[in-house]
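The values are calculated or read from the model by the stated rules, or taken from the named source; none is laboratory data. Not measured: the values here are computed from a predicted model. Using ideal geometry, Cβ is built from the backbone for each residue, glycine included, and neighbour counts are taken over all protein chains shown. Protein only, heavy atoms only, side chains kept; ligands, DNA and RNA dropped before computing areas. Shrake-Rupley method; radii C 1.70, N 1.55, O 1.52, S 1.80 Å.
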Amino acid sequence: VVRTPLRSEKDFSILSEFNPAIHTRYVSEALLQIRRTMAPEKTLIGFAGAPWTVACYLIQGRGKTQFTEVSVWEARNPIELSNALKELGKATISYLESQIDAGADIVQLFDTWLSQMTLPFFRDHYIPLLNSIFDAVHKKGVKIIYFSKGSRPYLGEFHRLTADVLGVDNHMNLPEFDEKTGHGFSLQGNLDPEILLKDIGLVRKETRKLVDTARRLAKPSIINLGHGVFPATPVENVQAFVTEARSLWI
């Protein structure tokens, strides 16, 4: 919940004051502690919300499934909205850089609400912003994953992205996604999280099918879910997914 939603370019200028060493120091401290306890061959993943998705919450003022305020702003003044997102993008870069400095081996950007954006805005304004984040991470010598949900309408433009890995939601199969993005990326995904709510035997079966599909892709993939884990998910089902995937994949 944002007590005072950000509804103008001037409102977003407050993000120029963001300093991860002050405002999110606890994240860096947590990563440092985790890194010290991890085996050196393990990978520590940092993450942030992508500018559009975070802006949906900042502009609307609370979590929703439809973000009317950002849609109104985009229609009214796309240039101003783009400038506001750039401020958020700069803060996102600082946030990810601080995680890399604290030991993150790779970082991921989550764009759960990309589907709320129009294709022209994505093409003309958002791709350059995303690439500025990806390129800043690359300058730190680290690779980046970009996950977007409901991305089917935008896939024809994804070849312009400079991310290393694309996360795939559970609404498309991996081969179709790979083809529509020109076989240019490693993919991450994309077991339906709802399967983890069901019988453990089904979890193992669907995991095996996913691994078999991923093996046929143009580039190496990361086995994962198509979105987040539901709160009611049995822990043993998550363990079965991981164990099954690792036994077949590694």
All positions within segment 106-130 that are open to solvent by 40 Å² or more (accessible area, probe 1.4 Å), touching a residue at least 60 places away in the same chain (Cβ under 8 Å) and over 16 Å from residue 163 (Cβ atoms): 113
Residue under evaluation residue 57, criteria (1) in contact (Cβ under 8 Å) with a residue 40 or more places away in the chain; (2) open to solvent by less than 80 Å² (accessible area, probe 1.4 Å); (3) at negative phi, criterion not met: (2)
Any pair with Cβ under 6 angstrom, 6 or more apart, that starts in segment 131-157 at a residue that is within 28 Å of residue 175 (Cβ to Cβ) and ends at one that is of a type in the set (Phe, Trp, Tyr) and open to solvent by 60 Å² or more (accessible area, probe 1.4 Å): 147/110
Test result for residue 236, open to solvent by less than 70 Å² (accessible area, probe 1.4 Å), in a helix (DSSP H, G or I) and out of contact with any Leu (no Cβ under 9 Å at 6 or more places or on another chain): no
Residue satisfying condition, being assigned to a loop (DSSP other than H, G, I, E, B), on the phi > 0 side of the Ramachandran plot and open to solvent by less than 60 Å² (accessible area, probe 1.4 Å), within set 189, 182: 182
Candidate set from segment 205-233 (those that are open to solvent by 80 Å² or more (accessible area, probe 1.4 Å) and in a helix (DSSP H, G or I)); member that is nearest to residue 172 (Cα to Cα): 209
Cβ pairs under 8 Å, 6+ apart, first in segment 24-35 and acidic (Asp, Glu), second at pLDDT 95 or above: 29/102
